[in-house]
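Laboratory data are not the source of any read-out in this text; all were calculated from the coordinates shown. In this text the structure is predicted, and so the values were computed from the model without any measurement. No Cβ is skipped: glycine too gets one built from the backbone with ideal geometry, and neighbour counts run over all protein chains shown.
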Amino acid sequence: MRKDINITEVAKEAGVSIATVSRVINNPEKVKPSTREKIEKIIEETGYRPNILARELAEKRTRLVGIIAHSIIGEGIPNSIYGISEELEARNFNIMIACTNGDFESEKKNFHIFQSKRVEGILFFTRTFKKEHEELISRLPFPVIVLLQETEKEKIPYVAFDNFQFAKEATEKLIAFGHQHVAFIGGPKDSTNSQERLRGFLNALETKGLPIGKKQIYNGDYSIESGYEITKQLMMKNKDVTAIVAVNDGMAIGAINCLIANNIRVPDQVSVLGLDDTTLAKASRPALTGVHYSYKELGKKGAMMLLRQIEEQTYRFEKEIIPYEIKIRGSVAQVERKE
């Protein structure tokens, strides 16, 4: 078994100072490439690993960031975490992740655990931002960036999508295709994002003077199965519907599957639009019309905002809204005119 090697021995073997070895480990871009490569080779051959605790004590910092998320299932949040990881690793920060299933007690517990681990900041995904979150975050001694929720009123920095606006614009696209009887299948009622998308949908109908009724609006749980069952109910209760706006791709795919299973042609008889643009959208037949926005970019922007506040040692309000683009594909068509 090889004995542990320390930074002094690495420096001696490389013929450089301890400070140069330290720079290669912490700020490699500041070291001449030939010197950096020589030291990295010695580190690899000897198996040297820096004493993280000693470094934290010397620098009085941990270079550790916490991520608290209500879910890590699906494509969205995992892609955001990938974007976060890219930005943080490039700046020699490490990550701790906790999943809470949206339970406030679990969120609070993990905020306290991360604080005890001396994280330098937290990126926080939550399904709904509450007063309790504001009170909890206001007592923390480091910056917190909220992702997915708008927290302008609370003056807590955030990065989010414009759920209201893109749902409104997407619904207006359907109306421009001649659809006047449009239904909405949404997520859980306690989801702020789902409710904002519903609000945008309703605003588009109201602006155009189109009817709005209880039989047009349904809530599910984001799953394909939920989209299927809700669409079955919807088409039994409201046979005039010519288009469906689904809160996400999963429910949109469920809607398409249900319509096809009941011999309703998509998009000839009923058009379907998902307020999402995951790989499901491209894999569905017909290809699903959706709204494209980048979860990876959301994560990257959140990480950049957090790093900025950590390095500047400030905690101030900032916000960033991720751009979107509506992608018209095969699941939407001009409404059929009845003779």
Self-check item: Cleavage-rule hits (trypsin sites (Lys or Arg not before Pro)) in the range 102-154: DSSP loop, at most 11 neighbouring Cβ within 10 angstrom
Solution: 117, 139, 153
Exercise. Towards the positive end of the charge dipole of the chain, with charges on Cβ (+1 Lys, Arg; -1 Asp, Glu), say which of 235, 77, 188 has the farthest Cα.
Key: 77
Quiz item: How would you order 320-331, 202-213, 275-286, 183-194 from highest to lowest mean count of nearby Cβ atoms within 10 Å?
Solution: 183-194, 275-286, 320-331, 202-213
Quiz item: For Rg and Dmax of the Cα atoms in Å, the listed values are [x] 22.8, 84; [y] 22.6, 74; [z] 25.2, 89; which was obtained by calculation from the structure presented?
Solution: [z]
Exercise. For the chain, give the share of DSSP beta bridges that are antiparallel, in percent and rounded to the nearest 5; count only bridges with both residues there.
Key: 10
Quiz item: Can you give the Rg to Rh ratio for the range 163-292, taking only C-alpha atoms and Rh from Kirkwood?
Solution: 0.92
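Could you tell me what % of all Cα pairs in the range 132-240 have separations over 20 Å? Kindly include the intermediate steps, with their values, before the conclusion.
Details: 3036 of 5886 pairs.
Percent of Cα pairs beyond 20 Å in the range 132-240: 52.
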Quiz item: Nearest 0.05, what FRET efficiency do residue 8 and residue 61 give at R0 = 22 Å with Cβ-Cβ as r?
Solution: 0.45
Quiz item: Say R0 is 22 Å: what FRET efficiency, to the nearest 0.05, do residue 140 and residue 73 get from their beta-carbon distance?
Solution: 0.25
